[in-house]
Structure formats: C-alpha cells, structure tokens
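Report on one structure; see the data block that follows.
The values are calculated or read from the model by the stated rules, or taken from the named source; none is laboratory data. Small disclaimer: the values here were computed from a predicted structure and weren't measured. Methodologically, a virtual Cβ is constructed for each residue, glycine included, from the backbone with ideal geometry; neighbour enumeration extends over all protein chains shown.
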Amino acid sequence: MDDSQLHADGLLLRPFEDADAAAFAAAVRESAEGMRRWMPWSSVDYRVEQALQWFQACRDGWAAGTACEYGIFDQDTAAFVGGAGLNKIQHDPRFCNLGYWVRQSCRGQGVAPRVVQALAAQAFGPLGLHRVEIVVAVDNLASERVAEKAGAFREGVARNRLVIDGRPADAHMFSLVP
C-alpha cells in the first residue's frame with residue numbers, strides 16, 4: 001500500500017491529483033451555502049482553476065513537510081466525498097492542526113469522524129507527532145460534533161483563535177493525543 005494513502009472504513013484518503021479538480025470544484029459549489037460561514041474560500045461559483053491552485057499548494061505543503069492534505073473518496077465507487085488534512089505541522093514540539101470538510105450530499109453518514117480517526121493514526125504513527133489540534137469556530141455545531149464523535153478532548157475556548165472572512169473569531173480547542 002502506498003503510504004500516502006489512508007483507508008477509513010469504506011473511504012480512501014489520498015493526495016489530490018489534477019484529474020480530481022472538476023469533482024472537487026463541483027463538490028465545493030454543491031456545499032458552499034452551508035460551508036461559506038466557516039470556510040470563506042468556498043463559493044457557489046468555485047472554479048476548476050481554483051481547485052488546481054489548491055492542489056499545488058497541497059503538493060507544496062507535502063514537499064515542505066508542513067502539511068498532508070487528502071481528498072476523501074468512496075472506496076468502492078471512487079466518488080469524491082470531501083477534503084481533510086493535517087496542516088501547520090510543527091516537528092518541534094511535534095503537533096499539528098487537523099481540518100476536514102464533507103460535501104453536502106455525503107453529510108450525516110459518519111464520514112468526518114472516520115476521517116479524523118484515520119488522520120490521527122497517521123499523525124501519531126508515521127509522522128511521530130504527540131498532539132493533534134482541531135480548532136472549531138464557536139457556533140459551528142456540526143464540526144464540534146465531529147470532534148467529539150472522533151474522541152477529541154474539548155480543552156476550552158480560545159479567544160480570537162481563528163480569522164474568518166477577515167474577522168477574528170473565538171474557537172473551541174479540541175485535542176487528540178496518543
């Protein structure tokens with residue numbers, strides 16, 4: 001098995017390929033209405049060119065050792081389900097951030113908690129990290145539920161921890177440790 005690919009109970013996580021750009025863009029457009037509040041980069045007119053730029057940024061992060069971003073695909077049909085990754089990887093003191101999004105038509109199927117668990121195993125195994133942070137904007141109840149279902153510990157609220165659409169936002173800090 002290619003060590004850049006992860007499996008999570010019916011899901012395949014793998015690095016993005018340029019051939020995924022159209023499916024990625026379609027998923028963003030489908031999901032933008034619900035995601036826009038938390039992920040301002042999403043839009044109802046998201047373009048393939050934007051996906052390709054994101055994929056290049058992902059490759060750059062892999063090469064620099066600062067991020068491992070994955071596309072999420074149905075293992076049986078290869079349908080695009082969403083995106084997730086480990087980013088802001090710090091090799092000293094050995095921690096990272098974990099983020100995820102699932103396209104609208106695949107929500108409510110337990111995709112995100114399975115993905116979080118697979119990424120945490122990658123972080124604590126091959127990457128040798130000691131802490132994974134999941135930072136969730138206050139009021140993003142769906143993402144809070146994902147962190148809780150995945151077994152993350154709620155540490156508290158960090159004031160002005162995120163910037164969303166150019167404005168500071170308070171965020172729940174969740175953590176996973178081995």
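Out of 75, 56, 104, 90, one residue alone is under 20 Å from residue 124 (Cα atoms) and either touching a Lys or Arg at 6+ places or on another chain (Cβ under 9 Å) or not β-branched (Val, Ile, Thr) (or both). It is 90. Exactly one residue among 99, 128, 83, 71 is outside any loop (DSSP other than H, G, I, E, B) and more than 23 Å from residue 172 (Cβ to Cβ), and that residue is 71. Specify the residue that is nearest to the chain's Cα centre (by Cα); the eligible residues are those in the range 91-104 that are of a type outside the set (Asp, Glu) and modelled with pLDDT under 95. Residue satisfying both the conditions and the ranking: 104.
Exactly one residue out of 120, 142 is free of Cβ contacts under 8 Å to residues at least 40 places away in the same chain, in a helix (DSSP H, G or I) and in contact with a Gly (Cβ under 9 Å, 6 or more places away or on another chain): that is 142.
Tell me, yes or no, whether the range 48-64 has at least one residue that is within 20 Å of residue 23 (Cα to Cα), touching a strand residue (DSSP E or B) at 6+ places or on another chain (Cβ under 9 Å), surrounded by 17 or more Cβ atoms within 10 Å (Cβ to Cβ) and touching a residue at least 60 places away in the same chain (Cβ under 8 Å). No, every residue in the range 48-64 fails to be within 20 Å of residue 23 (Cα to Cα), touching a strand residue (DSSP E or B) at 6+ places or on another chain (Cβ under 9 Å), surrounded by 17 or more Cβ atoms within 10 Å (Cβ to Cβ) and touching a residue at least 60 places away in the same chain (Cβ under 8 Å).
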